[in-house]
Amino acid sequence: MTPEPSRLKIVFVGHVDHGKSTLIGRILAETNALAEGKIESIRQSCAAQGQPFEYAFLLDALSEEQEQNITIDTTQIQFASALRGYVIIDAPGHLEFLKNMITGAASADAAIMVIAADEGVREQSRRHGQLLSLLGIPQVIVAVNKMDLVRYSEERFREIEREYAAFLRSLGLTARSFLPVSASTGENVTSGGSSAMPWFKGTNLLAALDEFDAAISAAELPLRFPIQDVYRVENRRIFAGRVESGTLRVGDRLVFSPHNKTAQVATIERWAAPTAESATAGESIGITLSDHIFVERGHVASHEVDTPIESNRMRAKIFWIGREPLRIGSRYRLKLVTQDVECQVAALGPVLDAATLGSSAVEHSELRINEVAEVTLQTRAPLVFDNYDRIPVLGRFVLAEEGNLVGGGIVSGAVYTSRKEIKSENIFWSESEITAQRRAARNEHRGAVVWLTGLSGAGKSTIARALEKELFRRSMHTYVLDGDNLRHGLNSNLGFTPEDRAENIRRVSEVAKLMADAGAVVITSFISPYRIDRTRARAVVLQAGAEFVEIFVDAPLATCEERDPKGLYQKARAGELKGFTGIDAPYEAPEDPEIVVHTHKQTPGESVAWILDGLLPRLRLKGSCAGRLPTKKQ
């Protein structure tokens, strides 16, 4: 049963045998959340077997759990306080079942960390704290359980509070409160004023839950309507799917990502029910459109004012559960709502140690089972997603290999770009009958934009021209868009303020998109100093379904000044040239480019060879010889 949107989802985590199940069982019993006669039935069963009754037995629905005496899967149970409803997610604490804990915690609004007073902070306590931080769950209460086993010692409670509070601070988390409880005796669980702990003046656990911030209803979030299928019914096309967040209405103008095609909602259809004027999060519906545009499974509809992110490159925190390690260069299927695309591992960040979840200083080339790392993924087609903390359902994905689930990911830190377009509603995109796929088949290579960025003097223009020559020798359609050349014409009315720089890059990316759509490999040579502008350029190019490859032409400022091919640094240092990048205007180096060349260490030829090694596989069609030099006849 799907929980009501208004219910706050709370995950209970902690080291195995620290009493989570007992604590949850006590809460359920004392809030009358169980079916009538349930507790008495279990008491009678325990008596018949000659064992004492435990509240943990209320959760032991699986016989395998009874045999192993540990919780092995996430369990979701509803209960309510006097103020609101809750969904409890019981996440396993045993190391072997880490993936289940991740599955449960990923959908939680808040967390209860359970630490036994007699054993104190253990390895799993730290592990789960780290995972709560990675998953972006800011609301945390620490319940120090089993206080009866330490004779309700305030000194022991304060010791654990100091130690674990310091650990959470190191993760950027602050617990809402630390509460001493005893699940087995019921002290401070659902009622306060504990006679056993007169030294504690705080509230009980149930009252502390009521102080958590309310969950945001999915209906209040921006609209996300992933298309699951397209049906033809009586000469109408019905686009079916589930409204994952937000609300849509008849007459709304929607943006369909990827490719940002727009259309107006004509009708909202429900099966075996009358048509409706609106639909909200959680509803499975069909819609028809007033405009004829190409939409298929995997497209995501949103409103124009609040669109998702569209990119072919994504950084995410990956939790690996595959038997074979994740390795740089490996390919997987990435599944996110109704999207299913091939992706390749492009980069691997610091790996969190499987025992301590601390970042390892050693550089890793693979991610092993139960390890966590920030991973860069390159997809073969544009991917539509959101940051997890903004819209959770579009910020979570899984990786699969040969049909088997091998990992899960959480997206954070991705950059949104706005759609500040002012255009007539009577202007429509004209679809050509000659598709990008047909052009690629004719040319034997895909259209692409190769975006060179770096300081003035880093060698961008030199590399761009040399790369153009090499691609042309391989019979590929290619052209260089040079920054200076465009400022002679198309962008001659723009200066070098941040606003003009942004407009300069916007115009260039739109021109590059059209050329890539025509099948060319467009090489751009621009300083393009701001990351947000390059992110927008990527989004624009992906609308055409073309490849976007960002290349960082890296050279130290001192090297660029020494070269100073145009004498610009000399003028900037003399104060004759204001707003010059690297001197009195910033340059934001790419955080995660597809390719990096170091022109202070490499010759132009070596740089181009390095670029070709990474670029040609992206441009070639499978089974094609595109990108290879023709062989001489013998």
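The values are calculated or read from the model by the stated rules, or taken from the named source; none is laboratory data. Everything quoted here is computed from the prediction, not taken from an experiment. Here the Cβ positions follow ideal geometry from the backbone for every residue, glycine too, while neighbour counts run over all protein chains shown.
Here are the numbers for this structure:
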quantity	calculated
Pair list, Cβ under 6 Å, 6 or more apart: the range 530-550 residue at positive phi, other residue of a type in the set (A, V, I, L, M)	545/436
Residue in the range 302-329 that is surrounded by the fewest Cβ atoms within 10 Å (Cβ to Cβ), counting only those that are more than 12 Å from the chain's Cα centre (by Cα) and β-branched (Val, Ile, Thr)	305
Residue tally, condition under 26 Å from residue 539 (Cβ atoms) and surrounded by fewer than 17 Cβ atoms within 10 Å (Cβ to Cβ), over the range 230-262	2
Those residues of the range 260-289 which are under 24 Å from residue 545 (Cα atoms) and among the polar types (S, T, N, Q), in sequence order	260, 262, 264
Matching residues, the range 140-179, being buried (at least 21 other Cβ atoms within 10 Å of the Cβ) and assigned to a loop (DSSP other than H, G, I, E, B)	146, 152
Pairs with Cβ under 7 Å, 6+ apart, first in the range 180-194 and crowded, with 24+ Cβ neighbours inside 10 Å, second of a type in the set (Gly, Ala, Ser) and not in a loop (DSSP other than H, G, I, E, B)	181/143
Flag if residue 623 is surrounded by fewer than 18 Cβ atoms within 10 Å (Cβ to Cβ) and modelled with pLDDT under 85	yes
Members of the range 16-36 that are part of a loop (DSSP other than H, G, I, E, B) and surrounded by 23 or more Cβ atoms within 10 Å (Cβ to Cβ)	18, 19
Among residues of the range 204-214, those that are over 16 Å from residue 152 (Cα atoms) and assigned to a loop (DSSP other than H, G, I, E, B), counted	4
Index of the failed condition, residue 618 passing every other in (1) surrounded by fewer than 17 Cβ atoms within 10 Å (Cβ to Cβ); (2) in a helix (DSSP H, G or I); (3) of a type in the set (Lys, Arg)	(1)
Residues of the range 289-328 classified as in contact with a strand residue (DSSP E or B) (Cβ under 6 Å, 6 or more places away or on another chain) and either of a type in the set (Gly, Ala, Ser) or not in a loop (DSSP other than H, G, I, E, B) (or both), total	20
Residues that are closer than 29 Å to residue 448 by Cβ and either among the hydroxyl-bearing types (Ser, Thr, Tyr) or at pLDDT 90 or above (or both), drawn from the range 381-394	383, 384, 385, 386, 387, 394
Residue under evaluation residue 65, criteria (1) assigned to a helix (DSSP H, G or I); (2) out of contact with any helix residue (DSSP H, G or I) (no Cβ under 7 Å at 6 or more places or on another chain); (3) at pLDDT 80 or above, criterion not met	(3)
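Residue by residue, here is whether (1) touching a strand residue (DSSP E or B) at 6+ places or on another chain (Cβ under 9 Å); (2) at pLDDT below 90; (3) not in a loop (DSSP other than H, G, I, E, B) holds:
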{"residue": "506", "(1), (2), (3)": "no, yes, yes"}
{"residue": "512", "(1), (2), (3)": "yes, no, yes"}
{"residue": "516", "(1), (2), (3)": "yes, no, yes"}
{"residue": "523", "(1), (2), (3)": "yes, no, yes"}
{"residue": "532", "(1), (2), (3)": "no, yes, yes"}
{"residue": "541", "(1), (2), (3)": "yes, yes, yes"}
{"residue": "560", "(1), (2), (3)": "no, no, yes"}
{"residue": "565", "(1), (2), (3)": "no, yes, no"}
{"residue": "578", "(1), (2), (3)": "yes, yes, no"}
